[in-house]
1. Every residue in the stretch 46-69 that is closer than 16 Å to LEU135 by Cβ, open to solvent by 70 Å² or more (accessible area, probe 1.4 Å) and not in a helix (DSSP H, G or I), please.
2. Might you let me know whether the stretch 36-45 holds any residue that is in contact (Cβ under 8 Å) with a residue 40 or more places away in the chain and either assigned to a helix (DSSP H, G or I) or within 25 Å of ALA136 (Cβ to Cβ) (or both)?
3. Would you pick out the residues in the stretch 131-158 that are more than 8 Å from ligand 4 (Cβ to nearest atom), in contact with a helix residue (DSSP H, G or I) (Cβ under 9 Å, 6 or more places away or on another chain), among the hydrophobic types (A, V, I, L, M, F, W, C) and touching a residue at least 12 places away in the same chain (Cβ under 8 Å)?
4. Can you tell me which of ASP170, ASP194 is within 24 Å of ALA85 (Cα to Cα) and either in contact with a Phe, Trp or Tyr (Cβ under 8 Å, 6 or more places away or on another chain) or modelled with pLDDT under 90 (or both)?
5. In the stretch 70-123, which residue that is outside any loop (DSSP other than H, G, I, E, B) and within 20 Å of VAL151 (Cα to Cα) is least open to solvent (accessible area, probe 1.4 Å)?
6. Suppose we filter the stretch 142-183 for residues that are assigned to a loop (DSSP other than H, G, I, E, B), over 18 Å from ALA50 (Cα atoms), open to solvent by 50 Å² or more (accessible area, probe 1.4 Å) and more than 12 Å from ligand 1 (Cβ to nearest atom); how many remain?
Amino acid sequence: MALDIGGDAASPFSRAFDRRVYTAAAVLAGSFLVFVGFAMFIHWPSNREAGYMPQQPIDFSHEMHAGQLQVPCLYCHSNAEVGAAATVPSVSTCMNCHLEVQTKLPDGELKPGIKTLLAHWEDKEPIAWVKVHDLADFVYFDHSRHLASDVTCQDCHGPVEKMVHMKRIDGMKMGFCIECHKQPAMRTDRNGYDYASTTAPIHCSTCHR
Ligand code: HEC
Ligand code: HEC
Ligand code: HEC
Ligand code: HEC
Ligand code: HEC
């Protein structure tokens, strides 16, 4: 004699019970997807995207220094010509000028940025500038190699001399590098004719070593 538990032949459980199991599984899967979506949303690296413009400890303006005052980029980022990293200048580079230039507001107070700069100088405390550009560690990049060819700072960083606040103009993903690397650079020969010279390397080990 078969035991009747109210289900059909395929399942030992009742249909109502099966439905509850399916519903529970669907709810679980649904909330898992919502959780993953939320995690991706909050961890999305917006600091790697075009337009990223973090608040800096001092309101340093490239528009004023590199634009209006026309201080050359390499005066402050001299390492770009000789090394992989361009590096940001030390406080003492700022003080080459700001030992003298200490502009006051109409009320006699120092400008807030200058005040913070002088405090760092007196305390011998480096300024904790927030990184704007940051490639993944598995990518090899070298500033000096690029500056030795005809590439300019603006080709990669945009019109920095017009930026009041430093910001990224590009996410700098792989496509950003490859697009330029595979483009034949135009050069001019001794007779004044433009010609396409060799392109920069695009084999993977150029940038992934
Ligand atoms: C008077 C010094 C000075 C001059 C001149 C100057 N910079 Fe800077 N630069 C800084 C300082 C300080 C920072 C860090 C603060 C900031 O990001 O605004 C910086 C940051 C940067 C960054 C972002 C660094 C990062 O964190 O990724 C880039 C790119 C840059 N400069 C490019 C240039 C270019 C291009 C020029 C010339 C057009 C130039 N700079 C001229 C001082 C200078
Ligand atoms: C080549 C000289 C020179 C160098 C180097 C230099 N500055 Fe200046 N800076 C100036 C001059 C000139 C002004 C304009 C003075 C003014 O009107 O306030 C100025 C203005 C400023 C201001 C005031 C902006 C405002 O109007 O609120 C700040 C803040 C400042 N600089 C920070 C820095 C920092 C930080 C560094 C180093 C990374 C630096 N400067 C390097 C010459 C220089
Ligand atoms: C071919 C593209 C390219 C050119 C040209 C270029 N940069 Fe950069 N720059 C980058 C990339 C990519 C990074 C991020 C490097 C990293 O995170 O390792 C960067 C980072 C920086 C930084 C942050 C500090 C560092 O080196 O990590 C500064 C400052 C900077 N560049 C300034 C300059 C200046 C000034 C020039 C011109 C003299 C210049 N760059 C030319 C692509 C370029
Ligand atoms: C605006 C054009 C341009 C952009 C953008 C650019 N490069 Fe280049 N790159 C060049 C040129 C031109 C050379 C060739 C320099 C030479 O060989 O004289 C080069 C050379 C190199 C080299 C040296 C290759 C060798 O022979 O060993 C590396 C590494 C490199 N680039 C990495 C990168 C990375 C990583 C990026 C992106 C973050 C990038 N480049 C973006 C133009 C560019
Ligand atoms: C000119 C420089 C350059 C060359 C050449 C290059 N890459 Fe990349 N690669 C990059 C940069 C820059 C990134 C992005 C790093 C970041 O997100 O900060 C990247 C990212 C990647 C990633 C991670 C996923 C992604 O898209 O962000 C993989 C995988 C990769 N590269 C594989 C390759 C392979 C395979 C080749 C050869 C066919 C190659 N790369 C050639 C510069 C380069």
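1. GLU49
2. Start the filter on the stretch 36-45 by keeping residues that are in contact (Cβ under 8 Å) with a residue 40 or more places away in the chain, which leaves none.
No, the stretch 36-45 has no match at all.
3. VAL132, LEU147, CYS153
4. One residue alone meets the criteria, ASP170.
5. Residues of the stretch 70-123 that are outside any loop (DSSP other than H, G, I, E, B), as a first pass: 73-76, 78-81, 91-98, 104, 110, 112-122.
If we keep only those that are within 20 Å of VAL151 (Cα to Cα) as well, we get 73-76, 78-81.
On the way: CYS73: 55, LEU74: 63, TYR75: 103, CYS76: 41, SER78: 71, ASN79: 56, ALA80: 8, GLU81: 113 Å².
Within the stretch 70-123, the match that is least open to solvent (accessible area, probe 1.4 Å) is ALA80.
6. So in the stretch 142-183, the residues assigned to a loop (DSSP other than H, G, I, E, B) come out as 142, 149-152, 158-159, 163-173, 182-183.
Those left that are additionally over 18 Å from ALA50 (Cα atoms): 142, 149-152, 182-183.
Those left that are additionally open to solvent by 50 Å² or more (accessible area, probe 1.4 Å): 150, 152, 182-183.
Then keep just the ones that are more than 12 Å from ligand 1 (Cβ to nearest atom); that gives 150, 182-183.
Residues in the stretch 142-183 being assigned to a loop (DSSP other than H, G, I, E, B), over 18 Å from ALA50 (Cα atoms), open to solvent by 50 Å² or more (accessible area, probe 1.4 Å) and more than 12 Å from ligand 1 (Cβ to nearest atom): 3 in total.
The values are calculated or read from the model by the stated rules, or taken from the named source; none is laboratory data. The model shown is predicted, which means the values in this text are computed figures rather than measured ones. As a convention, Cβ positions derive from the backbone with ideal geometry for all residues, glycine included, and neighbour counts pool all protein chains shown. Remember, those area values only see protein heavy atoms, side chains included, never the ligands or the DNA or RNA. Shrake-Rupley method; radii C 1.70, N 1.55, O 1.52, S 1.80 Å.
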